Amino acid sequence: MRTLRRDFPLHLMLVPGVILTLIYAYGPMAGIIMAFQNFEPLSGFFKSKWVGFDNFTYVFHLPDFNQVLWNTLLISIFKMILFLLVPLILALLLNEITKKWFSGLIQSSIFLPFFLSWTVLGGVIIELFSLNGPVNGLISLLGLKPILFMLNNDWFRGIIIGSDVWKGMGYNMIIMLAAITGINMSLYEAAEVDGGGKWKQMLHITLPGLAPMLILLGVLSLGNILNAGFEQILLMYNPTVYQGSDIIDTFVYRLGMFSQQFGPAAAVGLFKSIISLGLVSISYYAAYKYNNYRIF
C-alpha cells in the first residue's frame, strides 16, 4: 500500500492508455465469436446461426488459401532476412566514415523514409515503376522494352519486399550503430598493435560484438512472420498480381469487406492470431533464454 500511494500519480497517468487499450484492443476480441457462426449483421452475435468449425473447414478448402499462406510466408521471410542483412551492411560501412557531418547526413537520408506513411510512399513507388515512369524511361533509353512491373507477379513481389526494406532499414541501422559504439575500443587498439587491418577487425571484433543484437532482432522478428505488410500491399496491389502478392491480411479484408463472408474472414483472422501468439511467445522466450531480454 505504501508503494501504491507513492506511485499513485504514475498509475493515474496510465488510466487513459489502459482505457483506450481495453476499448480498441480487447473490446473487438468479442468478434472472435463470428468465426464459429454464420454471422449476419442484422441478427447480431446472439441470433446468428452457430456453425462450429464449418467456417474453418470452408476456408482451408478454398483454392486460394494455400497460395495466400505461401505468399505470406515467402514475403515475410525475405523481409526478415533483408531487414537484418541490409542494415548490418549499412551500419558497418557508416562506422568506417571518419567525417561526422557526412556520416550524420547519410544516416538522416536513410532514416527519412521510416517517417513517411505508405499512403505517400505507395503512390511514389507506383509512379516510379509505372509503364511511363522513370524506371521504364531508363530501360527504354537502354534500348530495352518497358516492363509492366506493377502487373507482373514476380516483379511486383520483389518491389513489395524491396520497398519495405528501403523504408524500414534505417531503424535497424541506428540500433546496430548504437551496438557498435558499445564495443570496447581497446579491442580495436589491440588488433591494430597485432597487425589486424579493418577487414579482420570487422570479422573478429565488430561482428562478434553485434551478434547478441542480431540474434535478438532476428528472434523477435519471428513473431511477425505472418505479418507481411497489410497496409503496403493493400495500397499498391491490384487483381492482376493477387497470385503473387495476396497475403493473409488482404485475403481476410477482401473476404469480409467485399464478399460479405464475415464468418470465414473471422476464422482466417483467428487462425492467424493463434499462430502469431504462439510464435511471439516462442520468440520472446528464446530472446529471454539466450539473450536475457525481457519486457518486465
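So for the stretch 247-259 (the condition being at pLDDT below 85 and among the polar types (S, T, N, Q)), does at least one residue qualify? Yes, the stretch 247-259 contains a residue that is at pLDDT below 85 and among the polar types (S, T, N, Q). Residues of the stretch 171-218 that are over 17 Å from LEU85 (Cβ atoms) and of a type in the set (Val, Ile, Thr): THR181, ILE183, VAL193, ILE205.
Do we have SER76 as surrounded by 12 or more Cβ atoms within 10 Å (Cβ to Cβ) and modelled with pLDDT under 85 here? Spell out how you get there, then give the answer.
Numbers: surrounded by 12 or more Cβ atoms within 10 Å (Cβ to Cβ): yes; modelled with pLDDT under 85: no.
The answer is no for SER76.
Evaluation of PRO212 against the conditions (1) within 25 Å of LEU74 (Cα to Cα); (2) in contact (Cβ under 8 Å) with a residue 12 or more places away in the chain; (3) surrounded by 14 or more Cβ atoms within 10 Å (Cβ to Cβ) shows that the sole unmet condition is (1).
Pull out all pairs, ordered by first then second residue, where Cβ-Cβ is under 8 Å, the residues are six or more apart or on different chains, the first lies in the stretch 188-207 and is free of Cβ contacts under 8 Å to residues at least 24 places away in the same chain, and the second is open to solvent by 40 Å² or more (accessible area, probe 1.4 Å). Partner pairs satisfying both residue conditions: ALA191/LYS200; ALA191/HIS204; GLY196/HIS204; GLN201/GLU192; ILE205/LEU187.
Could you check the stretch 55-64 and list, in sequence order, the residues that are in a helix (DSSP H, G or I), touching a residue at least 12 places away in the same chain (Cβ under 8 Å) and surrounded by fewer than 17 Cβ atoms within 10 Å (Cβ to Cβ)?
Let us first name the residues in the stretch 55-64 that are in a helix (DSSP H, G or I), namely 55-60.
When the remaining residues are screened for being touching a residue at least 12 places away in the same chain (Cβ under 8 Å), the result is 55-56, 58-59.
Of everything in the stretch 55-64, just one residue is in a helix (DSSP H, G or I), touching a residue at least 12 places away in the same chain (Cβ under 8 Å) and surrounded by fewer than 17 Cβ atoms within 10 Å (Cβ to Cβ), namely TYR58.
Of all the numbered requirements in (1) in contact (Cβ under 8 Å) with a residue 12 or more places away in the chain; (2) over 31 Å from the mean Cα position of the chain (by Cα); (3) surrounded by 12 or more Cβ atoms within 10 Å (Cβ to Cβ), VAL68 misses one, and that requirement is (2). Screening the stretch 109-158 for residues that are free of Cβ contacts under 8 Å to residues at least 40 places away in the same chain and among the aromatic types (Phe, Trp, Tyr) and picking the one that is least open to solvent (accessible area, probe 1.4 Å) gives PHE149. Can SER43 be described as surrounded by 15 or more Cβ atoms within 10 Å (Cβ to Cβ), more than 24 Å from the chain's Cα centre (by Cα) and free of Cβ contacts under 8 Å to residues at least 12 places away in the same chain? Considered against the rule, which asks whether it is surrounded by 15 or more Cβ atoms within 10 Å (Cβ to Cβ), more than 24 Å from the chain's Cα centre (by Cα) and free of Cβ contacts under 8 Å to residues at least 12 places away in the same chain, SER43 comes out as no.
The values are calculated or read from the model by the stated rules, or taken from the named source; none is laboratory data. Nothing here was measured: the structure is a model prediction, and the numbers come from that model. Cβ atoms come from the backbone with ideal geometry, glycine included; neighbour counts cover every protein chain shown. Accessible surface is based on the protein model in full, side chains and every heavy atom, while ligands, DNA and RNA are left aside. Shrake-Rupley method; radii C 1.70, N 1.55, O 1.52, S 1.80 Å.
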